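Student: Attaching a single structure in structure tokens format; questions to follow.
We did not get these values from a lab; they are worked out from the coordinates using the rules stated. Note that the structure is predicted; figures quoted are calculated from it, not measured.
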Amino acid sequence: FFQAEDGIRHQPRSRGLGDVYKRQPVCGSTVTVDIKLKDDRIIEFGQDIKACALGQAAASILGKNIIGLSTTQIKKGREQLYSMLTDTGPIPDPPFEGYEPLRSAKNYHNRHSSIMLTADAVVEAIDQCRLMAPGQKNEGK
């Protein structure tokens, strides 16, 4: 795993068990995220992003803040981001308050999926880790 200064990884996928690839067909944005959990917290994270500026910004915010967060915090942050974009939701709670500038995309519904892409992939990776057989958990030693 590699976590770049900007929170965006530009390396081949890891062979981790919490790997998810997602593509947004409307704009062509893609993301691959790799996570490792221990005690229900993210201990390793990597992402490979090919997206527009809004998608890259959202991925960077997530990438800079995800290490050490609980899966509950991540899922809550994702829901708050979605609510901010699609409803009258407030700016997400710390450490995701950095999403605030993306509020300006609220009226551009075709951009929401690109902004949500990385958060959606991380939640899917979390769910993937939880579905693994007990002997194959993606947890650090």
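Student: When all alpha-carbon pairs of segment 74-127 are counted, what percent fall beyond 19 Å?
Tutor: 18
Student: Right, something else. Along its principal axes, what span do the Cα atoms of segment 35-141 show, with the longest given first and each in whole Å?
Tutor: Computed over the Cα atoms, the extents are 46, 26, 21 Å.
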